[in-house]
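Below: one structure, written as structure tokens.
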Amino acid sequence: MAMGRTKCGKTTLAVCREKQMSHPGKPHIFSIKGFDREAFFVYCDLQRNNVMLHLLRKGALQVTERELISKKELLELTGISYGQLYRWKRKNLIPEEWFIRKSTFTGQETFFPKESILARIDKIVNMKDDLSLDELADVFSPNLSEVAFGRSELEKRNIVTKETLDFYIEQQGTSAVYNFENMICMYALDKLLKTGKMTLEEGKGLIQTMTEHYPKLQGKTGELIFFRKMGMSGFVIATSPGEVYFEPRVRVVARISIAECAEELKIKLS
């Protein structure tokens, strides 16, 4: 394995390129590890295998920090109480890492990733009459579900479209049963294909990224990021909370919360 080091701001990143056979069309896989997060990159073009090092070399990048909402604003906006918020936290309905402590002119305050916390509270409020808090915790847990289904059951439950299922099986081969890792990969693939923003050819990179790196999240929340640069596409799985920074010429096409995919998938499977 080739190993190099490059600096991005104050963070030194180790850049690893897995050895690949020189077959046309085989993607190169890069693993980038920082002090407190990991990001996994797949590029689908052997002829551009230095793009990653170029992308990180100057640390020249831009992605705006996620919009945050203060605890006070959150309680006012949603109408929930302080007690409800922290009860849901104790029940693991809201991840610990979403409680972000920041210094302000009034002292230390708690903030949350706005889009994620509002979506989660909306789901809790709408589902808590039908499911117990423990059952909700299982739905929201990023841990792998133990379910596994054959192809006929997946088609019956309409987990993904037939086209997506056929394409996934074409790439990964036929199996007697498909486990949760397989299904969440299919589900993310289906979501992006339905947007019309990703081609089937690019979907091959998504399948490889999810298959290779999703298990490494090991219960941590993460995000799948689809991006393009100069006609080339790539995928990143990044642990949350945190940001991934790209140079200005990189265009982020879509960001998908893997935790939300897992939640939606578990509801479909229940």
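The values are calculated or read from the model by the stated rules, or taken from the named source; none is laboratory data. Just so you know, these numbers come straight off a predicted model, no measurement behind them. All Cβ positions, even for glycine, are placed from backbone atoms using ideal geometry, and neighbour counts span all protein chains on display. Just so you know, the surface numbers come from the protein's heavy atoms only, side chains and all, with ligands and any DNA or RNA stripped out. Shrake-Rupley method; radii C 1.70, N 1.55, O 1.52, S 1.80 Å.
Tell me yes or no: at least one residue of region 138-148 is at pLDDT 85 or above and either surrounded by 12 or more Cβ atoms within 10 Å (Cβ to Cβ) or in contact with a strand residue (DSSP E or B) (Cβ under 7 Å, 6 or more places away or on another chain) (or both). Checked region 138-148: at least one residue is at pLDDT 85 or above and either surrounded by 12 or more Cβ atoms within 10 Å (Cβ to Cβ) or in contact with a strand residue (DSSP E or B) (Cβ under 7 Å, 6 or more places away or on another chain) (or both). Kindly evaluate residue 250 against the criterion of being in contact with a Phe, Trp or Tyr (Cβ under 6 Å, 6 or more places away or on another chain) and either open to solvent by less than 10 Å² (accessible area, probe 1.4 Å) or not polar (S, T, N, Q) (or both). Yes. Residues that are closer than 20 Å to residue 262 by Cβ, without any contact (Cβ under 8 Å) to a residue 60 or more places away in the chain and of a type in the set (Lys, Arg) were ranked within region 110-130; the one that is most open to solvent (accessible area, probe 1.4 Å) is 128. If only residues of region 175-185 that are in a helix (DSSP H, G or I) and not aromatic (Phe, Trp, Tyr) are counted, the one that is surrounded by the fewest Cβ atoms within 10 Å (Cβ to Cβ) is 181.
Among the residues making up region 53-109, a single one is exposed (fewer than 13 other Cβ atoms within 10 Å of the Cβ), at pLDDT below 90 and among the aromatic types (Phe, Trp, Tyr): 105. Among residues of region 149-174 being in a loop (DSSP other than H, G, I, E, B) and touching a helix residue (DSSP H, G or I) at 6+ places or on another chain (Cβ under 7 Å), the one that is surrounded by the fewest Cβ atoms within 10 Å (Cβ to Cβ) is 161.
Here residue 221 meets each of (1) at pLDDT 85 or above; (2) within 12 Å of the chain's Cα centre (by Cα) with one exception, condition (1). For region 236-252, filtering for residues that are out of contact with any Asp or Glu (no Cβ under 9 Å at 6 or more places or on another chain), hydrophobic (A, V, I, L, M, F, W, C) and part of a strand (DSSP E or B) leaves 2.
Among residues of region 186-200 being touching a strand residue (DSSP E or B) at 6+ places or on another chain (Cβ under 9 Å) and in contact (Cβ under 8 Å) with a residue 24 or more places away in the chain, the one that is most open to solvent (accessible area, probe 1.4 Å) is 197.
Scanning region 210-231 for residues being open to solvent by 10 Å² or more (accessible area, probe 1.4 Å) and either in contact with a His (Cβ under 7 Å, 6 or more places away or on another chain) or among the hydrophobic types (A, V, I, L, M, F, W, C) (or both) gives a total of 1.
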